[in-house]
Amino acid sequence: PELSWSNVPPFLEGASVIPATKNVVEIVPVQDLRQITCSWPIVYESKENRNDIDLLKPDFFVMHLIGHEGPGSLLSHLKDQGWANSLGAGTNTELSDFETFDVTVELTSKGLAAIDDVIGAIFSYVRMLREEPIPNYVFDEVLQLSELEWRFTTKGNAGSYVQSLVKSMVEYGDISPSLVVAGPRRVALKETLSRLEEPRTSFASNSQREETRSATLDFTNKLVVDNAIITVLSKTFEGKTSSVEKWYGTNYNVRPVSVSTLVKWSNCVKASELGIAYPKPNVFIPEEKGLRVKKKVKFDEAKARSFEGRMTPPTPPTIIRDDDWTVYFKQDDRFGEPKAFVIFQLLTKEVYSSAFFAALSQLYQTCVFDALEEYAYDATLAGLNYDVQVLPRGVRLTFGGYNDKLEDFAAYISRKLSREVGDVLPKTDTEFDRYKDRLLRALSAFDVKQPYGHAIYYSSLTLQPRNFQYTNEQLRAAMRQVMLPDLLNYSSKLWSSGKGEALIQGNLDEKEALRLVSKIDQTLAFKAVSADEYPPRLKALPLPLVAPDTTPTRLTVSEPNPSNNNAAVQVLIQSLGETEKDHVLIEIIDAIVHEPFYEDLRTNQQLGYIVSSGLKAVAKTRNINFIVQSSVASTEKLTNAVLKFLSGVRRNYLEPLNEGDIAVYVKGLLDKKTEPDKKLAVE
């Protein structure tokens, strides 16, 4: 098929099904989205041109700059105007003769009303890329960051890796077989094909950097107004569209862009007039001396995968402090990476004790992430990350990445989240309403989830006690009531008292781990509470017992999305056993029935296109869940089919088993449970 299109130029003006350039395509999405995408086709001039782009990767540098989220960035300007919540940039479609480069902005309601200005700001940034030389340190940093990721990449999913290799063989195999693995992941490769094994901290030469600069400018010159394909998604277009997409029935409208607007975009203001500038140097990139591994690791993977190795559990963390803080520590003894991962948790009762507080917790998390984004973005680029979660039992702070700058990063974030929280919370009702609107739209997106997702959600509510999970309806109602003074009051007390727990693991020694905990302790400065004030642990609620040959307890919920005609059923079997033997037995039963359940209801009866079963842990209990979603059968028919299958499980699948059959399932479960962890963060 590709050869038959090889002589047909892509993106011929007037030849597309939907008018593209010099138009705005307005689409009604399923979810409540407000989003604009500017897309440019990058048509390869020749095979040699494509090879140059693959080796030099000018799109990496353009993506790095347009998609930057630090001070002076395009996103920073859009947020200052109250137009955007987030922004992303990068290559999307990649085919043999062209690729597309997209800039996508998640809009606020104010931004939706100022689409032309948002697009104008994008073109102002592109103008800066064309007219103002990109600093050398930007090119150097992109190279350093890609090399860091390459040097310390960790094992991932085998299936995804194989798929990426197949794609890479097509793109890089003709250039050099040695690039199949390294090609997609490293930049500036034209002068370094013979030195692929060597880690780099800079370009091979000034000429190599200048060649990359030239390719980046050529790439940028293709991001012009006349070539832009603009798409806007919003529920506000509902009832105002004139066309319906052929395959999915999506409602859309095509609106020509006026000549005056096209001229305005082409002659957009300078980026500097909008407060936009190139990013400052990234101080979080680890220095080479900071990448030293403190403890030599001699890990024998073959031995770890042997039966003896699999049956030997990893060395657990040890307690190195136990007072106001209980600190668990383990120095990396397996992965040999210059990284560390840290979890701090403050156990406290009040932060999630009502739906109102749960709504406040979501607002707190959203506000602080957004406010710290400009500071944390460079850290994220340099391999550092953080997370803050308000949970039913308290507040959790997580940090990870290269340990060279980890301590200072963790201390700054912790200080802003606690003692200086006023710096990261909304200052005005208008700013607060932007966050509130964002969360209300996210909560309302629950309605358009698939019916099987709703079935899983509502059944999970029956297993957890109050104050551990609230319904979507409760959270929406509470979110509507929350005001800015409520958030300020809640945040001021969030870290005030509790019991500290910490897990520190990775390329740190014990002294460094204790110093890090002391620094966080001084920053949070919470009041310690006694053991009887600790929040209770989650304990699963027992489902009502059902006598043999009687109908199980049934929970029926109307599908909240009236346009979805599918029916879904989940049948849940709860095991209240809390011993390891209880857990192993139900896992073996799950393994035995998993494939027969799919084969019976999906393959033989063809009752639904989504048929699955699986195990889920709730506290110390385990449940087996059987899920079916169908467009051809009612919930009654699906329920009866699942119950009929379950009634025959003992007779058809358990009793016929012999010791050898059981041994096969046991071995499969043993192999799964003893598979060595592939990442330090997972261990």
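Computed from the C-beta positions of residue 324 and residue 157 and an R0 of 45 Å, the FRET efficiency is 0.65 to the nearest 0.05. Ranked for footprinting exposure by Cβ neighbours inside 10 Å, fewest first, 55, 406, 657 give 657, 55, 406. Taking a point 7 Å from the Cα of residue 486 along the Cα-to-Cβ direction, the residues of the stretch 356-371 with backbone N closer than 11 Å to it are 356-361, 363. What shape does the stretch 567-673 have by the C-alpha gyration tensor, where a ≥ b ≥ c are the square roots of the eigenvalues, rounded means a/c under 1.5, and otherwise prolate means a/b greater than b/c and oblate the rest? Cα axes put the stretch 567-673 in the prolate bin. For the residue pairs 294/511; 405/679; 294/673; 110/280; 616/679, alpha carbon separations beyond 18 Å are given by 405/679; 294/673; 110/280; 616/679. Between the Cα long axis of helix 635-647 and the first principal axis of the chain there is an angle of about 50°, rounded to the nearest 10. Report note on the peptides 238-244, 474-480: ranked by the mean count of other C-beta atoms within 10 Å, highest first, their order is 474-480, 238-244. Basic side chains Lys and Arg get +1 at the Cβ, acidic Asp and Glu get -1 at the Cβ, and with that the dipole of the stretch 3-274 about its Cα centre reaches some 420 debye. Extending 7 Å from the Cα toward the beta-carbon at both residue 664 and residue 260 defines two label points whose distance is 7.6 nm. Looking at 557, 397, 258, which one has the Cα that reaches farthest to the positive end of the dipole of the chain (charges on Cβ: Lys, Arg +1; Asp, Glu -1)? With unit charges placed on the Cβ atoms, the residue in question is 557.
Counting every other Cβ atom within 10 Å of each residue's Cβ, 190, 667, 298 order from fewest to most as 298, 667, 190. The label-point distance for residue 222 and residue 273, in a model that sets each label 7 Å from Cα toward Cβ, rounds to 2.9 nm. Pairing the Cα long axis of helix 136-151 with the longest principal axis of the chain, what angle in degrees results, from 0 to 90 and rounded to the nearest 10? So the inclination is approximately 30 degrees.
Taking a ≥ b ≥ c as the square roots of the eigenvalues of the alpha-carbon gyration tensor, the stretch 104-171 is classed oblate because a/c is 1.5 or more while a/b is no larger than b/c.
For the stretch 119-148 and the stretch 608-641, write down the distance between their C-alpha centroids in whole Å. If you average the Cα positions of each part, the centres end up 50 Å apart. Counting only DSSP beta bridges whose two residues both lie in the chain, roughly 85 percent are antiparallel. Spin-label pair residue 430-residue 598: with each label point 7 Å from Cα along the Cα-Cβ axis, the two points sit 5.4 nm from one another. The charge dipole of the stretch 312-531, taken about the Cα centre with unit charges on the Cβ atoms of Lys, Arg (+1) and Asp, Glu (-1), comes to about 680 debye, rounded to the nearest 20.
Selection among 329, 291, 544 by position relative to the dipole of the chain gives 544 as farthest towards the positive end (Cβ unit charges, Cα centre). Taking amide H as placed 1.01 Å from N in the peptide plane, residue 84 has its amide H under 5 Å from the amide H of 79, 108, each at least 5 places away in sequence or on another chain. Residue by residue, the stretch 408-416 carries 3J(HN,Hα) couplings of 5, 4, 5, 5, 5, 4, 4, 5, 5 Hz when phi is fed to the Karplus relation 6.51 cos²θ - 1.76 cosθ + 1.60 (θ = phi - 60°); x denotes Gly or Pro. On the beta carbon distance between residue 380 and residue 531, with R0 = 30 Å, the FRET formula returns roughly 0.20. By its C-alpha gyration tensor, with a ≥ b ≥ c as the square roots of the eigenvalues, how is the stretch 224-338 shaped: rounded for a/c under 1.5, else prolate for a/b larger than b/c, else oblate? Note, shape of the stretch 224-338 comes out prolate. Descending by average beta-carbon neighbour count within 10 Å, the peptides 529-540, 153-164, 605-616 line up as 605-616, 529-540, 153-164, the highest first. Computed from backbone phi, the HN-Hα couplings of the stretch 483-491 come to 10, 4, x, 4, 5, 5, 5, 4, 5 Hz, rounded to whole numbers (Karplus: 6.51 cos²θ - 1.76 cosθ + 1.60, θ = phi - 60°; Gly and Pro given as x).
Dipole magnitude for the chain: about 1340 debye, using +1 per Lys or Arg Cβ and -1 per Asp or Glu Cβ, origin at the Cα centre. Pairing the Cα long axis of helix 115-131 with the longest principal axis of the chain, what angle in degrees results, from 0 to 90 and rounded to the nearest 10? Value to nearest ten degrees: 60. For the peptides 445-454, 641-650, residues were scored by their other Cβ atoms within 10 Å and the scores averaged per peptide; the highest-first order is 445-454, 641-650. By the count of other C-beta atoms within 10 Å, a proxy for reagent exposure, 492, 86 are ordered fewest to most as 492, 86.
Residue by residue, the stretch 165-171 carries 3J(HN,Hα) couplings of 5, 4, 5, 5, 4, 5, 7 Hz when phi is fed to the Karplus relation 6.51 cos²θ - 1.76 cosθ + 1.60 (θ = phi - 60°); x denotes Gly or Pro.
Any read-out appearing in this document is the output of simple, stated calculations on the displayed coordinates, not a laboratory observation. Being a predicted model, the structure only gives us computed values, none of them experimental. Note: ideal-geometry Cβ built from the backbone for every residue, glycine included; neighbour counts use all protein chains shown.
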